[in-house]
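Notes follow the structure.
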Amino acid sequence: MKVSLAQLQRGQKGIIQDFNIDLIPLKLLEMGCLPGNEVQLLQTAPFGDPLYLTINDCHLAIRLETASIIEVEISKENQL
């Protein structure tokens, strides 16, 4: 099931599928936010922004606005 990264629930894992490369900061690309890599939502800030993630064993926080344009496919073992 494909959803945006912003729609993941805490603890869910997914595989990055697609995004508009022109809208993603270069720093995220350098840290492994690329199609085919696994991402897991670890925590959400109290007001829902930013999201705290792990991508390829790197921990990072990204804005909800950025997360909403990254398409992921939820891992089968984590589907709700």
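Values in this text are rule-based calculations from the coordinates and carry no lab data. Not measured: the values here are computed from a predicted model.
How large is the helix-only mean residue ellipticity at 222 nm for the chain, computed as the sum of -39500 (n - 2.57) over DSSP H runs with n ≥ 4, divided by its residue count, in deg cm²/dmol to the nearest 500?
Dividing the helical sum by the residues of the chain leaves -2000 deg cm²/dmol.
Starting from the alpha-carbon convex hull of the chain, give the projected area averaged over all orientations, in nm².
4.7
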